[in-house]
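Colleague: So that we are looking at the same thing, I have put the structure below in structure tokens.
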Amino acid sequence: MKQVSIFILAILLSKTVIAQTDQGINDNWLFKKLNFSSQPFKTIQLPHTFNAFDADDGGQYYRGAALYQRHFSSPCTGNELLFIEFGSATLTAQVSLNGHLIGRHQGGYTRFRFLLPKDYLAAENELRVKVDNSPNKHIIPLGGDFSVFGGINQGVKLLCRKPLHFDLQDFGSDGVYIKSVITDNKKANIEVRSRINNSLANPINGELRLEIIDPDGNPVADTTMPMSLAENTTTEVLQTVVINNAQLWQGVVAPALYRAKLTIVSADNTIADAKAITFGVRTIEIDAEKGLFLNGKAYQAHGVNLHLSQRPGKGPAVSKQEQLADFHILDELGLTAIRLSHYPHPQEVYQYADKNGYLLWSEIPVIAEVDESKEFLANAITQLKEMIRQNYNHPSVFVWGLGNEVYRSDKLVNRIFEKLQSVAKQEDPERYTVYANCCVPVTQAIASHTDLNASNIYHGWYAQQKGDMSKWLDDAHAALKGRALAVSEYGAGGSVLQQEDPPQRPKTDSNWHPEQYQSLVHEQNWRAIKSKEYLWASFIWVVFDFASDGRNEGDRAGINDKGLVSYDRKTKKDAFYWYKANWSSAPVVYISSRRLAQRNIGYTPIKVYSNQARLQLYLNGQLISEQRVDEHIARWNVALRQGANHIKVASLDGMVNDTIVWFGINNKTEMMAPK
């Protein structure tokens, strides 16, 4: 059965209605790996990766070419043009229609489209897509601590458009760019740049109608611009309107969103194309001494690094429901900002952040290594333009990331980042740029090209990063002399299957990453970070365990276990609740070290994360004592009896509590929690 979704944008204009047909073609694809000539085709559904089972098990995984094939009939009618849209295909894609090469795309994480020429179309058409995730020195990323899942990792659509339409071939963008400027009297000047394509062989006249809808659904401004469009060209049309008493996008407090409804009207008064773009009105200012200001008010941007949603046996080819489940975990944590590591993410992520008020750091995958070729720089620039243009209208995006942890700082690297900075500011002069620095001083040239400074700091985890977080931050802040500083990564590995209380510092590359030590590192680091007013943001590494096939540490190979939540999403680690107690407005009482369920009889410590003022402890049904919660932690020492010990910790009003059962034993051992 064909998957068809028809979006009808109805505009009251001489009772004319336009129907845009966007047809998903995610079912009934044929697939095979090309390096295995004897392998037969198999039927698959999109999204799909060919590394679902080998990129998270340690060692090596398949990095090579694969072929996707599907038949389809064009859903377009009359003189409509047919485009094909890919949400992403990793790492390169070569698209052919009925044996004719249509186009190539290089880059695994951004949307791209091709026009399917009418001369190549037939009643029944064969579409072939060669996808290749082989390492390529001309295509970013060249390195990185994550698996590069090959495949068509997002959906594919067929798009029907009239010859007069919003540009669909502008680096995968919407073809519309909205800028807002807030004046002192709460007015917002809205500037809308629309790219209009006339693919006809003759000039045409028309008009572009713009209507602004406020967050409550009310029209608040409109304008109409006449257009004279030359043949076979794309024309940029600029429109401006004013919103009085604008409702501001205020992060998680009140993420107010406007809609710009745009309509292209032909000279014969028929609608050629229509589009609705969501945007927000807000200002971001970052001060080297006082941190981040949202709409003129101090705002703490604290949150997590986020890789693509992944699941065991699926990789990033997850369902919308699984992606939404990840969003809900983010909501529970109480964060205000997310760093999208280390590449652009699907549009659903940006849209969710817009709606829920999360500030986003969006970056391109210039990571670990670079290449001296012109082709490498050209590809990095193209991917940067794709990221900026596709996400320009999202109010959640407040910084563009130009790279992460490049392990050299010579003339070549500095020339690359100098050029990327120039391109980013040409594309978007309003937003800040940032590079995530590691392992070299914050004053080195490689960390100095972008507007802002940020550093990956793993005090308490990697032995080569010595000292404590607080002193390091103060020293770096002083050395930067007026450049703003953020913590782009911090954290530690932790396995829910490995328990040790009190924990000893493990070797990071060993197969022993006790959960308690991860929590201890986060307790110490967050206390230091939250006290630094000058930090413009901080991001935990990382919210979910993720696939990194080259790793062999912790409780299993192929996984980076620094997440606050397990790879399968079944377990939220103790450190998750440490941050929930610090960040969330929902009441929190959580008994930590709970998975070390067998304890030596006699006195044992109990540590509880909470955002309540005072808590009560019950042991085997008896009230033991009441304790004050100090910096989100309450502590007790209690005597366990042999056998089952029922422990309950509750708020004074009894409205929130947590319970566990620990078993007292005669000999003290470091226990492994049962799987």
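Bear in mind these aren't lab numbers, they're just calculated from the coordinates by the rules spelled out. Computed from a predicted model, the values in this text were never measured in an experiment. Neighbour counts are summed over all protein chains in view; Cβ atoms, including those assigned to glycine, are modelled from backbone coordinates with ideal geometry.
Colleague: Relative contact order of the range 351-441, please, whole-number percent, based on alpha carbon pairs below 8 angstrom and at least 6 residues apart.
Modeller: Reported as a whole number, the value is 36 percent.
Colleague: Restricting to DSSP H runs of at least four residues, report the calculated mean residue ellipticity at 222 nm for the chain, -39500 (n - 2.57) per run over all residues, nearest 500 deg cm²/dmol.
Modeller: Dividing the helical sum by the residues of the chain leaves -4500 deg cm²/dmol.
Colleague: In sequence order, what are the phi-derived ³J(HN,Hα) couplings for the range 440-450 according to the Karplus relation 6.51 cos²θ - 1.76 cosθ + 1.60 with θ = phi - 60°, rounded to whole Hz, with x for glycine and proline?
Modeller: Values, residue by residue: 9, x, 5, 8, 5, 4, 4, 8, 10, 7, 7 Hz.
Colleague: Next question, about the same structure. State, as an integer percentage, the relative contact order of the range 462-523 based on alpha-carbon contacts under 8 Å between residues 6 or more apart.
Modeller: It comes to 29 percent, rounded to a whole number.
Colleague: Along Cα→Cβ, 7 Å out, is where each label goes; now give me the distance between the ones at LYS137 and ALA586 in nm to one decimal.
Modeller: Each label point lies 7 Å from its Cα, and together they span 5.1 nm.
Colleague: Moving to a separate point now. So, in nm, how far is label THR443 from label ALA325 when the simple model puts each one 7 Å beyond its Cα toward the Cβ?
Modeller: Label-label distance for THR443 and ALA325, simple model: 5.0 nm.
Colleague: Oh, and also: Using a Debye calculation, one point per C-alpha and no hydration shell, please list log10 I(q)/I(0) for the range 121-275 at q = 0.09, 0.18 Å⁻¹ in order.
Modeller: Debye output, listed in q order: -0.47, -1.07.
Colleague: Enumerate the lysines that LYS187 could reach by cross-link, defined here as Cα to Cα under 16 Å, with residues fewer than 8 away along the same chain left out.
Modeller: LYS179
Colleague: Next question, about the same structure. Relative to the longest principal axis of the chain, what angle (0 to 90°, nearest 10) does the C-alpha long axis of helix 320-333 take?
Modeller: 50
Colleague: Same structure again: In percent, what relative contact order does the chain have, based on Cα pairs under 8 Å that are 6 or more apart in sequence?
Modeller: 11
Colleague: Here's another thing I want to ask about it. So which trypsin sites (Lys or Arg not before Pro) in the range 378-450 are both in a DSSP loop and have at most 13 other Cβ atoms within 10 Å of their Cβ?
Modeller: ARG408
Colleague: Express in nm, to one decimal, how much length is gained between GLU372 and THR224 on full extension, taking 0.36 nm for each residue of separation and deducting their alpha carbon distance.
Modeller: 48.4 nm
Colleague: For the chain, the longest stretch holding no GluC sites (Glu not before Pro) located in a DSSP loop with at most 14 other Cβ atoms within 10 Å is which?
Modeller: 1-123
Colleague: Once you place label points 7 Å from the Cα toward the Cβ at GLN524 and LYS187, how far apart are they in nm?
Modeller: If labels sit at GLN524 and LYS187, their model points lie 5.6 nm apart.
Colleague: Here's a follow-up. Starting from the exponent 0.38 and prefactor 2.2 Å, build the expected Rg for the chain from its residue count and divide its actual Cα Rg by it.
Modeller: 1.03
Colleague: If you don't mind, there's one more thing I want to ask. Rounded to two decimals, what is Rg over Rh for the range 561-626 when you use alpha-carbon atoms and the Kirkwood radius?
Modeller: 1.01
Colleague: Sticking with this structure for a sec: Can you list the aspartates and glutamates whose alpha carbon sits under 15 Å from that of LYS648, skipping same-chain ones fewer than 8 residues off?
Modeller: GLU626, ASP658
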